[in-house]
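Here's the structure we're looking at; comments come further down.
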Amino acid sequence: MATYTYEHTPDHGAKAGVLAYLATSAAVLLLMMVFGLLMRLEQAQWISIGADRFYELMTLHGAGMVGIAAIAGASVMWHFLRQYVDLSSRIFIANLVLFLAGVVMILGSVLIGHFHGAWTFLFPLPGKSMGMWSPGAAALFMGGLLVIGVGFLLLHLDIARAIVARYGNFARALGWPQLFGHDDGKAPPPTVVASAMVTIVNVIGLVVGASILTMMLVNLYVPGFDIDPLLAKGMIYFFGHIFINATIYMAVIAVYEILPRYTQRPWKSNKVFLASWTASTLMVMFIFPHHLLMDFAFPKWMLVMGHVIGYLNTVPILVVTGYGALMIVYRSGIRWDMASKLLFLSLFGWAAGAMPAFIDGTITVNYVMHNTLWVPGHFHTYLLLGMVTMVFGFMYYLGKPDHEADDRLLDRIAFWLFTSSVLGFTLSFLYSGKESVARRYAAHLPEWVPYDRIGAVFAMLVIASSLLFIVRFFSRIGLARHDYQRAPVARAATA
Amino acid sequence: MTAIAPDRARIRFCALGALYLLLAAPPVRSWLEATMSGHMLVQIPLLAAIGFAACRLLVAHHQERLLAIAGGPIPLVVVALFASSWWMLPRALDDALAHPLVEVAKFVSLPALVGVPLALAWRRLGIIGRGFVWTNFISMLAVLGWLYLAAPQRLCNSYLVDQQESAGWLMVKLALLLFAAWLGHLFVGGPPVGNPRAVHGP
C-alpha cells in the first residue's frame, strides 16, 4: 500500500489576476445578493416592484451568481494549479476580460432591453416574449453568455495544454495508472486530479452550450429554422448543470490545499479518491435529466438515467471529500481560524445542500416538490453554504496577516452570524417547499408570505455577514500578494 | 519542424498532384458532386487537405518565410475561416455546379486559401490555438448540420431535401466523432513524467 507523508509546500501569495477575479466575484456577489433580497422582499410584500422587474432581477440574479461562482472557482483552481503546471497569465486575464464583456452585454439586455427569460433561456421563450422584450435584447443576453463561454473555453484549453505538458495526458492527470494498476503513491495531487476533471467536463459542456446558443440565435432572427424544444432543453441543462457543478469542483481545491497546511497531514490521492473523481467525471455529464423528471415527453431511459445517476453522483466526491476532511482534522490539533472554519463549514454546506437534491431526484417526490421552493432551497444551500463559503475561506486565507494572527471578535461573530443566517435563509426555502409554496411568482398566496418574511430577514443577515467578509478581504488585499506562511502549525505537529 | 528528404517530398508532392487531378477529373467530379454529402463532406475537405499536406512538404524556411509575409498565424487562420465558411454556404455550392468559373475558383481557393494558410499557421498556434480552432470547427459543423436538418425548405437548388437531410445528419455525426477523437487523444500518449506530486514552483 502506498504511503503518503505531508510535505510542506511553499505558501505563495496570489497573482494580481487571482485577486482581480476575487475582487470581481466579491463585488458581483454582493450586488446579486441585494437583487436576491429584493426578490424575497417582493414576495414578503414589504416592497412592490412588480412581476416584470421581479423576473428581470431573477434573470440577473441567476446569470450573475452562476457567472461569479465560475469566476471565483476558476481563481481558486488557477491559484493552486499553477504550483504544479505552467499556466498562461494572459489567457487567465483574457477570460476575465471576456467575462466582463459578457456581463456588460447581459446587464444591457436586462436593464435596458428588459429581457427577463431567466438565466436558463429555455427555448422558445427568448424568441416569444409577447412584446415584453425585443429580439435584440434576447440576442444580447445569449450573445453575452456565448462571450463568457468563449472565455472559459480558452481558460480550459490552456489548463489542458499545461496538464498535458506536465503529465503527458489526462489519463495520468486523473491518476488512472494508480487507480487501475499498482498504487505507488505517485498519483498527481488532488488539485491536478480535480482540475483535469473540471477541464474535461467543462469543455464538453461549453461546446454543447455554444451549439444550442448559436442555434437559438439563428432561430431568433429566422424562426423558420425550427428547433426541437425538448432537444434544446436537454442541451441547455446539459451545459448549465455541468457548468454550475464544476464551480464547486474547482472551489473544493481550496479545501484540498489549505486544510493539509493547517493539520500538517497530506490529502491522499489514493485509489478511493481517484476512483471517486473518475466516476464523477462521467456521472456529472449524465446527471442533468434529474431536473427534467416532470417532462413526461422526454425519453423514459433519460429520466431513469437521471434518477439513478442522481443518486449515485451524490456519493463519490462528496463522501470522499467529507470523510477525508474529517480524517485530516481528527486529533490533528488544528488551530481553527476564519479560513479553516469556513473551509470546514463549506463541506457541511456541500453535504447538506446535496441532500435536498438527492431527495428531489426521486421521481415520486419530484412530481410534488420540483416546482416548489424546495429546489431553490437545495441550490442555495449547496452554493451559498458550500461553494461561496469555500471562496470566503480562500479569501481569509490569502489575507491572513501571519500564521499566528488571531481572528478579530467581529469576524468571529460574523462567522456564526453567517452560518446561522444562511441556515435560516435556506431552511425558509426548504420549509416553503415542504409546504408546497410554488416557485413561480405569478400565483403567490397570502398564506405563504410569513415564510418569505422569515427568509427576507435571514437574507439581510447573510448580506451583512458577507459584507464584513468582503470588506475584510479588501482591507487585506495588499497582504494577499506576498509569500509567507499563513497556516498556524497544528498542536499535534508541535507536540 | 522535421525535414523530409527531398526525394520523398517529391514523391508525396506528385501523389498529392495526382489526387488533385483525380478529383478534378470529370467522372470523379460528377460522382462526388452528385450528392450533397459527397460534395460537402468529401470533395471540399479533400481539396483543403491537399493544400494543407502540400504546404507541409515545403522546405521549413520557405514555410517560415511565407508565415512571416502573411503576418503570423492569426491572419492566416482568419483567411482560412472566411474561405471555408464561404464554401459552406448552399448558394456557393449551387454556383459551383452552375458556373465553371466558380468551380475553378473552388478548386483553387480551397487548397490555397484554406489548406495552405492552416498548414502555415498550425504549428505556431500552439495547443490552445489549435484546440480553439478544433472546438470552433466542431461546433460549426454540428450547428451547420443541425441547420440543414431544421431548415424549413430546400437550401440548394441543385440538391433535393433528402440530400440536405442526409448531409445534415452526416455533419452532426462527423462533429460528434471528431470531438470524441479530439478529446480521446488527450488521454493517450505523451512523455512519461518524473514525480507527479512535485511542486512546480512559482
Of the criteria (1) modelled with pLDDT of 95 or more; (2) at positive phi, which one A:ALA101 fails: (2)
Top-ranked residue of region B:131-157 - restricted to ones that are in a loop (DSSP other than H, G, I, E, B) and either within 7 Å of chain A (Cβ to nearest Cβ) or crowded, with 18+ Cβ neighbours inside 10 Å (or both), ranked as modelled with the highest pLDDT: B:CYS156
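Taking region A:259-296, which residues are in contact with a Phe, Trp or Tyr (Cβ under 6 Å, 6 or more places away or on another chain) and of a type outside the set (Phe, Trp, Tyr)?
A:PRO260, A:GLN264, A:ARG265, A:PRO266, A:LYS268, A:HIS291, A:LEU292
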Failed item, numbered, when A:GLN178 is tested on (1) touching an Asp or Glu at 6+ places or on another chain (Cβ under 8 Å); (2) modelled with pLDDT of 95 or more: (2)
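Collect the residues in region B:4-56 that are among the small types (Gly, Ala, Ser), within 26 Å of B:ALA142 (Cα to Cα) and touching a residue at least 40 places away in the same chain (Cβ under 8 Å), keeping them in residue-number order.
Result: B:SER37, B:ALA48, B:ALA49, B:GLY51, B:ALA53.
Give region A:82-131 a look and list any residue that's of a type in the set (Ser, Thr, Tyr) and within 14 Å of chain B (Cβ to nearest Cβ), or say none. Spell out how you get there, then give the answer.
Pass one, region A:82-131, residues of a type in the set (Ser, Thr, Tyr): A:84, A:88-89, A:109, A:120, A:129.
Listed by number, the residues that qualify are A:TYR84, A:SER88, A:SER89.
To keep it simple, each residue is scored yes or no on (1) in contact (Cβ under 8 Å) with a residue 24 or more places away in the chain; (2) in contact with a Leu (Cβ under 7 Å, 6 or more places away or on another chain); (3) in a helix (DSSP H, G or I).
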position	(1), (2), (3)
A:ILE47	no, yes, no
A:LEU57	no, yes, yes
A:ALA69	yes, yes, yes
A:PHE80	yes, no, yes
A:ILE93	yes, no, yes
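So which residues in region A:333-370 are of a type in the set (Ser, Thr, Tyr) and either within 11 Å of A:TYR382 (Cβ to Cβ) or outside any helix (DSSP H, G or I) (or both)?
Answer for region A:333-370, where residues must be of a type in the set (Ser, Thr, Tyr) and either within 11 Å of A:TYR382 (Cβ to Cβ) or outside any helix (DSSP H, G or I) (or both): A:SER346, A:THR362.
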Among the candidates B:ARG65, B:ARG12, residue that is surrounded by 15 or more Cβ atoms within 10 Å (Cβ to Cβ), assigned to a helix (DSSP H, G or I) and charged (D, E, K, R): B:ARG12
Breaking point among (1) part of a loop (DSSP other than H, G, I, E, B); (2) farther than 20 Å from A:PHE54 by Cα, for A:ALA443: (2)
Those residues of region B:74-91 which are at pLDDT below 90 and of a type in the set (Val, Ile, Thr), in sequence order: B:ILE74
Residue match in region A:55-77 (condition: touching a Ser or Thr at 6+ places or on another chain (Cβ under 8 Å), modelled with pLDDT of 95 or more and within 14 Å of chain B (Cβ to nearest Cβ)): no
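Can you tell me which residues in region A:153-170 are under 17 Å from B:VAL133 (Cβ atoms) and more than 8 Å from chain B (Cβ to nearest Cβ)?
So the first thing to find is which residues in region A:153-170 are under 17 Å from B:VAL133 (Cβ atoms), and the list is A:153-158, A:160-161, A:164.
Hits for region A:153-170 are A:LEU155, A:HIS156.
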Test: residue in region A:108-120 that is touching a helix residue (DSSP H, G or I) at 6+ places or on another chain (Cβ under 7 Å), at pLDDT below 95 and in a helix (DSSP H, G or I): no
Qualifying residue in region A:177-198 (condition: facing chain B (nearest Cβ under 8 Å), assigned to a helix (DSSP H, G or I) and within 22 Å of A:PHE99 (Cβ to Cβ)): no
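The values are calculated or read from the model by the stated rules, or taken from the named source; none is laboratory data. A quick note: this is a predicted structure, and the numbers were derived from the prediction, not measured. Backbone-built Cβ (ideal geometry, glycine too); neighbour counts: all protein chains shown.
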